[in-house]
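Report on the following structure.
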């Protein structure tokens, strides 16, 4: 009778171990595989950062972002990097890996686009300052 209990316990342990490995493999696939959350987040963050960098550049705001610890909102650090103001974006390290991944890539995309536009200003239209009462032009 005792050997039957050991065999049943061994079989249950083997099945539960295989089930745990299958669950880990599935989660890993959802995160890291093509089309997983990392790829999806990478594309969305890139689009958002590029759009914001273009808007800031067109308004004449030259800035770069650098992660600098927990922050409730974007704020100017008081330092300059050449012609660029250095800002710290909103960031909450306690939100985990996905948040860190998103912010790191946001900073990377934003800074790359801002530097590119600054090095080739003739390729990007800037808003013109106009007198009070007139609309601004994107031309």
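The values are calculated or read from the model by the stated rules, or taken from the named source; none is laboratory data. The model shown is predicted, which means the values in this text are computed figures rather than measured ones. Here the Cβ is made from the backbone with ideal geometry for all residues, glycine too, and neighbour counts use every protein chain on show.
Return the residue satisfying two criteria in turn: it lies in segment 76-120 and is touching a residue at least 60 places away in the same chain (Cβ under 8 Å) and in contact with a helix residue (DSSP H, G or I) (Cβ under 6 Å, 6 or more places away or on another chain), and of such residues it is farthest from residue 41 (Cα to Cα). Step through it out loud before you land on a result.
Step one: filter segment 76-120 for residues touching a residue at least 60 places away in the same chain (Cβ under 8 Å), giving 98, 101-102, 105-106, 109-110, 113-114, 117-118.
Filter once more, keeping what is in contact with a helix residue (DSSP H, G or I) (Cβ under 6 Å, 6 or more places away or on another chain): 102, 105-106, 109-110, 113-114, 117.
Working: 102: 7, 105: 9, 106: 10, 109: 12, 110: 15, 113: 18, 114: 20, 117: 24 Å.
Checking each candidate, the answer is 117.
Among the residues of segment 106-126, is there at least one that is at pLDDT below 90 and either in a helix (DSSP H, G or I) or within 15 Å of the chain's Cα centre (by Cα) (or both)? Before the answer, list the steps.
Step one: filter segment 106-126 for residues at pLDDT below 90, giving 124-126.
This time we only want the ones that are either in a helix (DSSP H, G or I) or within 15 Å of the chain's Cα centre (by Cα) (or both), so: none.
Scanning segment 106-126, I find no residue that is at pLDDT below 90 and either in a helix (DSSP H, G or I) or within 15 Å of the chain's Cα centre (by Cα) (or both), so the answer is no.
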